[in-house]
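Read-outs: derived from the displayed coordinates by stated rules, not from any lab. All values derive from a computational prediction rather than experimental measurement. No Cβ is skipped: glycine too gets one built from the backbone with ideal geometry, and neighbour counts run over all protein chains shown.
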Amino acid sequence: MFGLGWSEMLVVGVVALIVIGPKDLPGLFRTIGQFTGKARMMAREFSNAMNQAADQAGVKEVSKTLKAAANPTKFGTDKIKEATGMTKGPATAELSAERQAAKEKMSKAMGDAALARQAREAEETLQTESAHEKPAPEAKS
């Protein structure tokens, strides 16, 4: 609640019982309960008043606009791509050929690197296995 554990709350309760006394303790708890209830009610009213003021100021409309801007389909990115020529067409076909060539070049380089790495790891494994092998003891006849 207030960062107090059960042991701290027990100590506070025992001190309150000793200082205030057993007769006045229930009245104190009732008063504290009423105070916290009023504080919660005031906080709830304040929160509701702030939400109403935000609604009247048009915050919800701005929020809807921002959400629409975050959604690319609502903002018409397809139309922008069409207007700039980034959809299918002769310029894209050339670009696609260039991208395809670059992709093939990178794929070949990555494949060669992977094969070299596998060969290197296999060689290292053989070297460590041969270093750890012990010669078999010879049988005496």
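Once both labels are positioned 7 Å from their Cα atoms along Cα-to-Cβ, the gap between LEU10 and ALA57 label points is 4.9 nm. Place +1 on the Cβ of every Lys and Arg and -1 on the Cβ of every Asp and Glu in the range 10-74, take the dipole about the Cα centre, and give the residue among ALA53, VAL19, MET42 whose Cα lies farthest towards its positive end. Looking along the dipole axis, the top candidate is ALA53. Charge dipole (Cα centre; +1 on Lys/Arg Cβ, -1 on Asp/Glu Cβ; no other charges) of the range 10-74 amounts to roughly 200 debye.
Report the FRET efficiency, 1/(1 + (r/R0)^6), for ILE18 and SER47, where r is their Cβ-Cβ distance and R0 is 41 Å, rounded to 0.05. So, using R0 = 41 Å, E works out to roughly 0.60.
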